[in-house]
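Data first, discussion second: the structure below is written as C-alpha cells.
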C-alpha cells in the first residue's frame with residue numbers, strides 16, 4: 001500500500017480510519033496537526049515524554065513547520081503526509097491521508113535492533129487504543 005523507495009521493510013504496520021465531512025477540505029498536514037497537536041494538553045505531554053523517554057525517539061522542535069509534534073515531515077503529497085522519527089532501536093513512520101469522506105493514519109515500524117521486537121509490542125497495545133480515538137476526535141472537531 002505504501003511506496004517504499006528506501007528499501008526499508010516494516011516489522012509492524014497498522015491502519016486506522018475515521019469518517020470526515022466531505023466538505024472538510026483540510027490538507028493531510030492539517031489533519032496530522034489536528035490529530036496530535038490539538039489533542040488535550042495532558043495527552044500531548046504524555047505523547048512527548050513517551051516518544052522521547054519511553055521509545056527514545058529523536059524529536060525535532062514542536063514549533064517547527066517541518067515537524068508535527070516533533071516528528072519530521074519527510075514527504076508531502078496532495079493526498080498524504082508522512083512523518084518519521086527514529087530511536088536507537090527502531091524507525092517509525094506515520095502516514096496520514098484524507099480522501100473523500102475518510103481520514104486514515106497508518107503506522108509503519110522498522111525494527112533497527114532486535115530489542116525492538118521486545119519493546120515495541122507492549123507499546124503497540126496502547127497505540128492501537130489511542131490513535132483511533134484521536135482520529136475520531138479530530139474528525140469531530142472544528143477546523144482551526
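Brief remarks follow.
- Mean Cα-pair separation over length for the chain, i.e. relative contact order, pairs under 8 Å, 6 or more apart, %: 31 percent
- Likely footprinting exposure, 43, 135, 8, fewest C-beta neighbours within 10 Å first: 8, 43, 135
- When each of 46, 55 is scored by the number of other beta-carbon atoms lying within 10 Å, the sequence from fewest to most is 46, 55.
- Ranked 14, 25, criterion: other C-beta atoms within 10 Å, fewest first: 25, 14
- Extended-chain gain in nm, criterion 0.36 nm per residue less alpha-carbon gap, residue 115 and residue 63: 15.6 nm
- Histogrammed with a bin width of 10 Å, the alpha carbon distances of the chain distribute as 11, 44, 36, 8, 0 percent, first bin at zero.
- Mean Cβ count within 10 Å, highest first, over the residues of peptides 16-24, 58-66: 16-24, 58-66
- Estimated [θ] at 222 nm from DSSP helical runs (n ≥ 4, -39500 (n - 2.57)) normalised by residues in the chain, nearest 500: -9500 deg cm²/dmol
- Cα-based helix-to-principal-axis angle, 116-140 vs the chain, degrees rounded to 10: 10 degrees
Every number in this text was worked out from the coordinates using simple rules, so none of it is lab data. Quick caveat, the model's predicted, so the values are computed rather than measured. In this analysis, Cβ positions are derived from the backbone assuming ideal geometry, glycine residues included, and neighbour counts consider all displayed protein chains.
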